[in-house]
Amino acid sequence: MDTKSQILLTGIGSYLPKKMISNHDLEKIMDTSDEWIRKRTGINCRHFVEDDELTSDMGTNAAQLAILDAGLKPNDIDLIILATTTPDNTFPSTASRIQRNLGCKAISFDVQAVCAGFVYAISIGAAMLKDSHGKKCLIVGADSMSKILDWNDRSTSVLFGDGAGAVVLEKRIIRNEFVENDQWGVLATKIFTDGEYYDLLSTDGGVSKNKSTGFLRMNGKEIFKHAVEKLSSSLLICLDECNMNIKDIDWFIPHQANQRIINAISNKVKIPFNKIISTISIHGNTSAASIPLALDVAVKKGCINNGDILALQAIGGGLSWGSLVLKIGKPD
Ligand code: UT7
């Protein structure tokens, strides 16, 4: 029998730390204002982990919910890919800690593409499943950005938050004759890196550089321009690859870095506002967790339904960026 495989997205979960910090809370500790933050970014509040709460703790919570949502058990998972910039330890991978917490024996590793990590991780996971490295893959995006913020730098410290989101990808074998009219799951992914812009968004320390983790540093204005241009172009390339156009997409879930970036992309490539999922106001920029957190909110609100076509886009340090298009859920 002639067969092909599809990589379905069958489960989703997310987790936010309990501690919520409003813009007014930040006004008390630095020279900033609720008005500036809201007008320039769209952020109203964000969540921060406690000192003893780890990236793996958030990732595990989100993963458990995603596995449950997919109707699976941890032992069903063959592969765990964690996108994070804020690992528990320099090594081993935080994914292996999540694996231990879940109590399973999946192949587990971290992916470092900063805010683009979730799109990278889905691209890698889908390719590995297609290449027969298992049938079920857990993709987690989790970051504790609050732990690498410099509270003396108001231009970055007001932007970020902590959180985690996870999805389950499952390989489905299908007879070739059905594939053309029955496209489900990950339809196209396009990821890019340009190291020429390495310094635009980075930490000012690192293990091999100065035996520290360093603090987050960003040239916000330059990143803003790259974000609008690169997220728009990667989305169009991705749509082209699956013979779709903007009108075919039910929901756009961009990286949640700044509402003004989201608006600029929407104007540039003519995405209707009512098709954009935005949670920047309640999450801030949660790096690799931003897309799955937004996706989970939209699914739980009942906006996104089985069979909807989604376009996801993200950009982060590297520069690393990419887009992907998928049909969520599975055929009845
Ligand atoms: O997740 C990875 C991707 N990240 C991004 O995509 C972020 C991209 N960049 C941005 O979102 C925006 O560039 C920022 C939100 C970071 C900054 O917005 P901006 O409109 O580019 O502001 P700016 O940096 O040009 O600063 C404008 C003014 C400056 O004052 P002067 O020099 O005009 O007097 C800053 O000192 O705003 C001042 N400022 C602040 N004021 C109050 C900067 N940060 C703050 C603050 N509170 N927190």
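Any read-out appearing in this document is the output of simple, stated calculations on the displayed coordinates, not a laboratory observation. This one's a predicted model, so the numbers in the text were calculated from it and none came from an experiment. So basically every Cβ, Gly included, is an ideal-geometry build from the backbone, and we count neighbours across all protein chains shown.
State which entries of K4/K136; K171/K327; K73/K301; K136/K300; K275/K301 exceed 18 angstrom in Cα-Cα distance in the structure shown. Each step should come with its number before you reach the end.
Working: K4/K136 16 Å; K171/K327 14 Å; K73/K301 25 Å; K136/K300 23 Å; K275/K301 14 Å.
From the list (K4/K136; K171/K327; K73/K301; K136/K300; K275/K301), the Cα-Cα distance tops 18 Å for K73/K301; K136/K300.
With both bridge residues required to lie in the chain, what share of the DSSP beta bridges run antiparallel, to the nearest 5%? It would help to have the intermediate numbers written out before the result.
Numbers: 44 of 60 bridges.
Rounded to the nearest five, the antiparallel share is 75 percent.
When +1 charges are put on Lys and Arg Cβ atoms and -1 charges on Asp and Glu Cβ atoms, the dipole computed for the chain relative to its Cα centre reaches about 280 debye. The mean sequence separation of alpha-carbon pairs under 8 Å and at least six residues apart, normalised by the residue count of region 88-153, gives a relative contact order of 19 percent.
Cβ under 14 Å from K28's Cβ, K28 left aside: what net charge do those residues give with Lys, Arg +1 and Asp, Glu -1?
-3
Below 8 Å between Cα atoms, with a sequence gap of 6+, how large is the relative contact order for region 188-327 in percent? It would help to have the intermediate numbers written out before the result.
Working: 227 pairs, mean separation 51.4, N = 140.
RCO, region 188-327: 37 percent.
In region 249-288, the ratio of gyration radius to Kirkwood radius, Rg to Rh, stands at 0.95 when only Cα atoms are counted. In the elastic network of the chain, a GNM with C-alpha springs shorter than 10 Å, the most mobile of L82, L187, L293 is L187.
How would you rank 59-70, 226-237, highest first, on the average number of other Cβ atoms within 10 Å across their residues? Present the calculation step by step, with values, prior to reporting the outcome.
Numbers: 59-70: 23.3, 226-237: 20.2.
Put in order of decreasing packing, that is 59-70, 226-237.
How large is Rg over Rh for region 29-137, taking Rg from the Cα atoms and Rh as the Kirkwood inverse mean of 1/r across Cα pairs? Intermediate values should be presented prior to the final figure.
Values: Rg = 16.8 Å, Rh = 15.7 Å.
Checking Rg against Rh, the ratio lands at 1.07.
Placing +1 on the Cβ of every Lys and Arg and -1 on the Cβ of every Asp and Glu, with no other charges, gives region 188-327 a dipole of roughly 320 debye about its Cα centre. For the chain, averaging the sequence separation of C-alpha pairs within contact (under 8 Å, six or more residues apart) and dividing by the residue count gives a relative contact order of 26 percent.
Between the alpha-carbon centres of region 151-167 and region 15-65 there is a gap of 7 Å. Relative intensity of region 198-332 on a log10 scale, I(q)/I(0) at q = 0.20 Å⁻¹, equals -1.18, per a Debye sum over C-alpha point scatterers of equal strength in the absence of solvent.
The Cα trace of region 112-160 gives Rg and Dmax of 15.6, 48 Å, the first to one decimal, the second as a whole number.
An ellipsoid equivalent to the chain, defined through the eigenvalues of its Cα gyration tensor, has semi-axes of 30, 23, 18 Å when rounded to whole angstrom and sorted largest first.
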